[in-house]
Amino acid sequence: MYENTPWWKSGILYQVYPRSFQDANGDGIGDLPGIIERLPYLADLGADALWLSPIFPSPMEDFGYDISDYTGIDPLFGTLEDFDALVKAAHGQGLKVILDLVPNHTSDQHPWFIESRSSRENPKRDWYIWRDERGEGVPPNNWLSEFGGSSWEFDQATGQFYYHAFLRSQPDLNWRNPQVRKAIHDVMRFWLRRGVDGFRVDVMWHLIKDEQLRDNPANPDYVPGQQPYQQLLPIYSTDRPEVHDVVAELRRVVEEFNDRVLIGEIYLPPEKLVAYYGQNLAGAHLPFNFSLISAPWNAQGIARLINDYEAALPRGAWPNWVLGNHDRPRIASRIGDDQARVAAMLLLTLRGTPTLYYGDEIGMPQAEIAPDQVRDPWERNLPGLGLGRDGCRTPMRWDSTRHGGFSTGEPWLPLGPNLTLCNATAQADNPASMLSLYCALTALRRAMPELALGDYKPVEATGDLLAYVREYRGQRVLIILNVGCAPDSFDASRWPGRILLSTFMDREGELTDSTVALRGSEGVIVRLQGA
């Protein structure tokens, strides 16, 4: 990290899915003591902060994204004392700790909802979104749940429908109610006082719904066989203008404490995403940019994506990039092992804060999950559409033993193939491994302010090549990435220098004074002459 620069600008974020990182008690599910055990690994990798997916008490119908108590720790993961120990140990290793905040919805087992559904007169009735039917048995509008079917559930006891954007056991909170806002703000303060360094806010763009609950229009581009949710354009159920006031309030709570960060999960195109930085940059510090996850993997498309995003950023806003997370297939399986190395160099050399997803640094593949092993409610509700997220949530592979060093018991999900080579211990001993490449990239990023903080300048390249310069106070590096499988060459006559790192880990010090020959799926970082 760099002096006088917020840590979240120059730092590298690392997402831990707690169920799958390290199991310390042998029950097959990862836990907080297990994460503490692996903190030295994260420090050695070069991470600056770990973001924990939800660890709060929960019925686990959506694996922690259905919270029944915002200020506790689920016994599966440990205790509050374990959490305090984790924060202390992480800070001792120079690592920040970011919690997943899920303010859009609770579990239907949360005391707030139990009260809310007890009667129409209950003081917490308006903490959730309740409406009358608009015809006998007909929901209030046509809104759909992301997990399939109507987003409205009828409650027989009180004779009204409640709204749920996801599972029916995940009722949405009513963020138009000031009491709800205050309650969540108090939750944030509870954790910030315990030393948490910030929050990643789940489905931030969902928080406010249309006040009139108007029907969503049909999606003219919907193709039968796609996710049913995509039949409608969610213009009234998501991304409402009033959401930015809500985000600004969350930011003000974070700023009651020193040196903290607010991150937003927002699946929107860049021109809409950037609005979540807020007026005068008073919104989220980092509205997550997921565009690389879904982008077609070709040089011209990626170059255009980067340029469009950079152009859309408000003045002074800091960019960020994400290659993988707990909701999308693994990068190594999306584009192949060789291109995953190129993707690693792209992620860690672009301007902006990078987020790594656990296991991507060793090239963990998307695991095939047998029908009888499926845990994800999305896949269970909508089988056959390829929406299941279990395959990217499988346990971390620490070594080549039976359960990969993750647990002494049977893991909650299978580990998947190729355990012998795809594990952290084997790769730590191999100077050309994916893990060694990630460590070399993070080390360069720490050592070179042009990579951590420098400007981004695109460089003209042809075919399957993507090239750009990062510059900081006269220091410049050139990055050239071959996004194709065939060898190619880059005209370096205007870019003399020497190679600092190749994704093949075998060209350090090589001069680039005319042409840089690149193997298929190779990337290089070049220190430019005179820089």
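Structure summary
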| read-out | value |
| --- | --- |
| Y41 vs. criteria in contact (Cβ under 8 Å) with a residue 12 or more places away in the chain, surrounded by 20 or more Cβ atoms within 10 Å (Cβ to Cβ) and out of contact with any Ser or Thr (no Cβ under 6 Å at 6 or more places or on another chain) | no |
| Flag if L437 is surrounded by 16 or more Cβ atoms within 10 Å (Cβ to Cβ), outside any strand (DSSP E or B) and out of contact with any helix residue (DSSP H, G or I) (no Cβ under 7 Å at 6 or more places or on another chain) | no |
| Residue under evaluation F257, criteria (1) surrounded by fewer than 21 Cβ atoms within 10 Å (Cβ to Cβ); (2) under 30 Å from I302 (Cβ atoms); (3) aromatic (F, W, Y); (4) touching a helix residue (DSSP H, G or I) at 6+ places or on another chain (Cβ under 7 Å), criterion not met | (2) |
| In region 340-396, the residues that are of a type in the set (D, E, K, R) and either assigned to a strand (DSSP E or B) or farther than 22 Å from Y229 by Cα (or both) | R341, R351, D360, E361, E368, D372, R393 |
| Per-region count, region 294-315, residues in contact with a Pro (Cβ under 9 Å, 6 or more places away or on another chain), of a type in the set (A, V, I, L, M, F, W, C) and over 21 Å from L262 (Cβ atoms) | 5 |
| Of all residues in region 348-383 being modelled with pLDDT under 95 and of a type in the set (K, R), the one that is farthest from R476 (Cα to Cα) | R380 |
| Positions within region 269-316 being surrounded by fewer than 20 Cβ atoms within 10 Å (Cβ to Cβ) and of a type in the set (F, W, Y), in sequence order | W297 |
| Candidate set from region 169-200 (those that are in a loop (DSSP other than H, G, I, E, B) and among the small types (G, A, S)); member that is surrounded by the most Cβ atoms within 10 Å (Cβ to Cβ) | S169 |
| Number of the exception - R446 against (1) assigned by TED's automatic domain parsing to the domain that holds M345; (2) not in a loop (DSSP other than H, G, I, E, B) | (1) |
| Residue in region 2-12 that is touching a residue at least 60 places away in the same chain (Cβ under 8 Å) and either more than 21 Å from the chain's Cα centre (by Cα) or under 21 Å from Y65 (Cα atoms) (or both) present | yes |
| From the options V223, V138, residue that is free of Cβ contacts under 8 Å to residues at least 24 places away in the same chain and not assigned by TED's automatic domain parsing to the domain that holds A248 | V138 |
| Residues that are β-branched (V, I, T) and buried (at least 21 other Cβ atoms within 10 Å of the Cβ), drawn from region 446-497 | V477, I479, I480, V483 |
| Of all residues making up region 149-168, the number that are among the small types (G, A, S) and either crowded, with 20+ Cβ neighbours inside 10 Å or in the same structural domain as L385 (by TED's automatic domain parsing) (or both) | 2 |
| Any hit, region 61-75, residues being touching a Gly at 6+ places or on another chain (Cβ under 9 Å) and of a type outside the set (S, T, N, Q) | yes |
| Matching option when the condition is part of a loop (DSSP other than H, G, I, E, B) and under 24 Å from P314 (Cβ atoms), among N216, N289 | N289 |
| Selection count, region 445-462, where residues are among the hydrophobic types (A, V, I, L, M, F, W, C) and more than 23 Å from the chain's Cα centre (by Cα) | 4 |
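Residue by residue, here is whether (1) under 17 Å from R194 (Cα atoms); (2) of a type in the set (A, V, I, L, M, F, W, C); (3) not assigned by TED's automatic domain parsing to the domain that holds R397 holds:
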residue	(1), (2), (3)
G30	no, no, no
I35	no, yes, no
L39	no, yes, no
E61	no, no, no
E81	yes, no, no
L95	yes, yes, no
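The values are calculated or read from the model by the stated rules, or taken from the named source; none is laboratory data. The model shown is predicted, which means the values in this text are computed figures rather than measured ones. Every residue, glycine among them, receives a Cβ derived from its backbone with ideal geometry; neighbour counts consider all protein chains shown.
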